[in-house]
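Readers should treat all values here as calculations from the given coordinates under stated rules, not as data from a laboratory. Keep in mind that this is a model prediction, so the values were computed, not measured. With ideal geometry, Cβ positions are generated from the backbone for all residues, glycine too; neighbour counts draw on all protein chains shown.
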Amino acid sequence: MIKRTLRLFGSLRKDLTPCLMPILILVLSPAAFAQNKGVMHLKVQQTASQSLTLIKPTDPDFENMLDSYFPGVSLQAGYQQAIRPFLVIVRNDNYLPAAAYAITWTVHYEDGGLRRLRAMFVNRALMPPQVIAYIPPGGIRLISPLMLDVAPSQYESNTDSAVYPPESYPPSNELASVDPIVDGVVYSDGSFIGPDSTRILQRSVMARFAARDEALAALNLIQTSTAPQLIVAQQLKDTLDQQIRLGDGVSKTTLLARYVRARDRTAQDVQRILRNRGLTGLEALLLRFVSSSGGSSSPSMFDHVYQKLSDNDPRVFGGTPRPWLYGLSWTAAQQ
């Protein structure tokens, strides 16, 4: 039924809402994956020719750009001593939007110590439009490990909470140097470039697979059920609740674990849409998304494993669940 209904929505591809427009589903062949001791890995290939541009605090244009695009940041208490070393202005000089990206900071201390911090953002196809963080061609964002990222327009509307207070940062008298780099960027066509120590490419690809698989699963439940809409909505909510609980227990960093966690986040997105738009509105939105994503209407190979997954699978679970909100606090950013 999904295949037949998708044909009816083919003409809607050019009229997608902002929350559906940005991510093109990356259609990967089995050759893009490899296995080592039974664990699947994604082969990282440098397919983009240009990374994001960083304007660092040590660059001569940094202060002028900061004051032009983010006025008032440099006037905050503790800016020079604590905040400034951990800020970086990111500009997209490519012709494609940046759909996922990671910045890492290598922090050298006077006593010889070293620490690496990171800020990452992976856009999900069904996430709320107001939190989507694509960097369009020519776009600029201000990023630090403590403030995930902010565009000039977002900063203007939220100046009070845009930058964490100086006491959130390490004392400047302990620092020898702070060196930020672009660890990886995935553009809207699926092309990638970067050393990828953060596995941002894995996270992005799994988010894409998870979003499409979740949409197909929800559509299948909605369209095959003969129960009243109220019952179907409750059945869908119960299924999504189970997926969220499963994702909350993830403690590994395998490709499958990242997929399970991405299904958790996408399930939360679907729940939000169900609450806000109801079952009919959710179905229409999911149909537009699946139609726009292209490719087969069959779920990915990861979904087949996911449907049979137990809550003690050693590829995904075991040990303390890992924090996933990188960049939102100094402690979390160190993980």
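So the values come out like this:
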item: Ranked packing of 137-145, 269-277, most packed first, by mean Cβ within 10 Å; result: 137-145, 269-277
item: Sorted by Cβ density within 10 Å, fewest first, the residues D264, D238, D179; result: D238, D179, D264
item: When the range 160-295 is reduced to its Cα atoms, the Kirkwood hydrodynamic radius in Å; result: 17.7 Å
item: Over the range 53-195: Kirkwood hydrodynamic radius from C-alpha pairwise inverse distances, Å; result: 15.8 Å
item: Gyration tensor (alpha-carbon) shape descriptor, the range 211-290, a/c threshold 1.5; result: prolate
item: Extension reserve of the L279-D67 stretch, reckoned as 0.36 nm per residue once the Cα distance is removed; result: 71.7 nm
item: Those trypsin sites (Lys or Arg not before Pro) in the range 66-131 that DSSP places in a loop and that have at most 13 other beta carbons within 10 Å; result: none
item: About the Cα centre, charge dipole magnitude for the range 179-328 (Lys/Arg +1, Asp/Glu -1 at Cβ), debye; result: 120 debye
item: Two-decimal log10 I(q)/I(0) for the range 65-132, as the Debye equation yields it once each C-alpha is a single scatterer, q = 0.14, 0.21, 0.22, 0.26 Å⁻¹; result: -0.68, -1.13, -1.15, -1.19
item: Per-q log10 I(q)/I(0), the range 181-257, q = 0.12, 0.14, 0.22 Å⁻¹ (Debye; single scatterer per alpha-carbon; no solvent); result: -0.51, -0.64, -1.02
item: Estimated Rh, the range 122-221: Kirkwood, alpha-carbon pairs, angstrom; result: 16.4 Å
item: Ordering of 171-177, 300-306, 207-213 by burial proxy (mean other Cβ atoms within 10 Å per residue, highest first); result: 207-213, 300-306, 171-177
item: Ranked V232, V186, V250, criterion: other C-beta atoms within 10 Å, fewest first; result: V232, V250, V186
